[in-house]
Amino acid sequence: MTTFQPSRLIGQLAVAALLATTYSAFAADAPTNVPSSLGAIGTAQTLDNITIEKGLPSDSKRVYVLDPGHFNVTTTVYTVDGKKNNLLGMTDTGKLANVMLSSDGKFFVTSNTTYSRIARGKRDDYVEVIDAQSHKVLADIDIPEGRFLTGVMNRLASISTDNKHMLFQQFAPSPAVGLVDLEKKSFVKMMDIPDCYQIFPVPNQSFYMHCRDGSLQQFNYDSKGSLKPQKPTKVFHAEEDHLFVNPYYSNTTGRLVWPSYEGRIFQAKLTEKNVDFLKPFELFTEAERKANWRPGGWQVVAYNNPRNEIYVLADQRAKWTHVTASRYVFVVDGTTGKRLRRIDLGHEIDGISVTQDSDPNLYAVSAEAKTLFTFNAVTGKQTGKVDELGRAPTISLTVD
């Protein structure tokens, strides 16, 4: 179920849902006319004292927050207006859903797993396509085979660069990538792959995966699910370079930024023709490494393309504590690795993301505080927050 609320009077959501079953967007306890302050939001329909309004269109500051709920059987995606720090809507999803944004920001996709008896029974996997403005379900696509994997790990499911297909990974009973046709609203087939992981799409129905030996391998596919593997790249990281499971990747630019547990930053530029690996660099100085500075959290890295800046969530920590929260963000030049600034977030943060504009927002999600904090990514000043976001929000997504 997807709901939408320009106001934050969440207590009356259930009432509104019953009164407006044919709509997925609503505002509770609102006046009968659209307030002038809402401007271009649009027309409204009224049911008693409930005003049903068109939602805000997505923009560069829009952010989606995923709450996996401490691995509960249902999860929630919160839609937030990053300009005004307002909660816009909530989307109910299955267990640990993957969330993917279209490149134009007009829709998002969730991969869902539910069970007939809540936490047991017959398994049901399906894909929903959600309109980013109205929050209506545009498509509900059944997945008759294949099994989704946890959405707390990025890039186990991805939308193609042309927004026409969705690709999702399967580990068992054999390695495969599932193909979903979003335009035709149908599942296509499972495509067998070697022992490789995570999906990084490039143009012309092609994608790369990270293979066990530390290389990337490209795969081309057609609309019927015929897969053609290409020769793997060189090995770009050593076995002892343990990489975080949530790298940054842009479908639009093909930029891949991938930190290790110790703060070594690997990068590549992916195209349909080749992979250009950038020279790795160390995030921390030797003195900082001796003082046990390391990256940490669920979503530790972000990148802003207009400013060519890499953002890494980090703190002083013991080894192998890489999934625990951090308080600081180190900002470095995306080409040279030169330290530009360090931001004290003032909170224990589990995941960060950055908007793709020249004056970017830095979003920081805290599972403990159940809050999305907004910062000016350049000055480091906190500019707002949205609290009471479910049970344990950990990941945020911005328009590419």
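Only residues that are hydroxyl-bearing (Ser, Thr, Tyr), modelled with pLDDT of 95 or more and not in a loop (DSSP other than H, G, I, E, B) were counted across the range 179-226, and they come to 4. Per the listing 304, 361, the residue uniquely surrounded by 15 or more Cβ atoms within 10 Å (Cβ to Cβ), farther than 23 Å from residue 245 by Cβ and touching a residue at least 60 places away in the same chain (Cβ under 8 Å) is 361.
Rundown of residues vs (1) crowded, with 19+ Cβ neighbours inside 10 Å; (2) at negative phi, yes/no style:
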| site | (1), (2) |
| --- | --- |
| 78 | yes, yes |
| 96 | yes, no |
| 101 | yes, yes |
| 105 | no, no |
| 121 | no, no |
| 134 | yes, yes |
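Within the set 334, 351, the sole residue that is among the small types (Gly, Ala, Ser) and in contact with an Asp or Glu (Cβ under 8 Å, 6 or more places away or on another chain) turns out to be 334. Just a yes or no: is a residue in the range 147-158 surrounded by fewer than 18 Cβ atoms within 10 Å (Cβ to Cβ) and farther than 19 Å from residue 101 by Cβ? So far as the range 147-158 goes, yes, one or more of its residues are surrounded by fewer than 18 Cβ atoms within 10 Å (Cβ to Cβ) and farther than 19 Å from residue 101 by Cβ.
With respect to residue 284, is the statement that it is within 28 Å of residue 339 (Cα to Cα), among the hydrophobic types (A, V, I, L, M, F, W, C) and in the same structural domain as residue 340 (by TED's automatic domain parsing) true?
When the stated conditions are applied, residue 284 passes them.
Restricting the range 179-189 to residues that are buried (at least 19 other Cβ atoms within 10 Å of the Cβ) and out of contact with any Lys or Arg (no Cβ under 9 Å at 6 or more places or on another chain) leaves a set whose member that is farthest from residue 155 (Cα to Cα) is 187. Condition check for residue 112 on (1) under 26 Å from residue 189 (Cα atoms); (2) out of contact with any Gly (no Cβ under 7 Å at 6 or more places or on another chain): one failure, at (2).
Could you tell me whether residue 335 is within 23 Å of residue 216 (Cβ to Cβ), more than 19 Å from the chain's Cα centre (by Cα) and either touching a residue at least 12 places away in the same chain (Cβ under 8 Å) or part of a strand (DSSP E or B) (or both)? In short, yes. Close contacts from the range 104-126, counting a first residue that is assigned by TED's automatic domain parsing to the domain that holds residue 154 and farther than 22 Å from residue 397 by Cα and a second that is of a type outside the set (S, T, N, Q) and outside any strand (DSSP E or B), with Cβ to Cβ under 6 Å and a gap of 6+ residues or different chains, come to 114/94; 115/121; 116/122; 118/73; 119/73; 125/143; 125/148.
You will find that of 287, 318, 268, 238, the residue that is hydrophobic (A, V, I, L, M, F, W, C) and either within 21 Å of residue 154 (Cβ to Cβ) or surrounded by 14 or more Cβ atoms within 10 Å (Cβ to Cβ) (or both) is 268 and no other. Scanning the range 120-139 for residues that are of a type in the set (Asp, Glu) and either under 15 Å from residue 98 (Cα atoms) or in contact with a Ser or Thr (Cβ under 7 Å, 6 or more places away or on another chain) (or both) yields 124, 125, 128. Mind listing just one residue for me: the one in the range 192-204 that is buried (at least 17 other Cβ atoms within 10 Å of the Cβ) and over 19 Å from residue 100 (Cα atoms) and, of those, farthest from the chain's Cα centre (by Cα)? By that ranking, first place goes to 193.
Let's see how each residue does on (1) within 14 Å of residue 62 (Cα to Cα); (2) in a strand (DSSP E or B); (3) not assigned by TED's automatic domain parsing to the domain that holds residue 88:
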residue	(1), (2), (3)
346	no, yes, no
353	yes, yes, no
358	no, no, no
364	yes, yes, no
373	yes, yes, no
380	no, no, no
385	yes, yes, no
390	no, no, no
393	no, no, no
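Inside the range 206-224, residues that are in contact (Cβ under 8 Å) with a residue 24 or more places away in the chain, surrounded by fewer than 21 Cβ atoms within 10 Å (Cβ to Cβ) and of a type outside the set (Phe, Trp, Tyr) make up a count of 4.
Of all residues in the range 289-331, which are in a strand (DSSP E or B), more than 19 Å from residue 357 (Cβ to Cβ) and of a type outside the set (S, T, N, Q)? Within the range 289-331, 293, 294, 295, 312, 313, 314, 315, 327, 328, 330 meet the criteria.
The values are calculated or read from the model by the stated rules, or taken from the named source; none is laboratory data. In this text, all values refer to a predicted model and were calculated from it rather than measured experimentally. In this analysis, Cβ positions are derived from the backbone assuming ideal geometry, glycine residues included, and neighbour counts consider all displayed protein chains.
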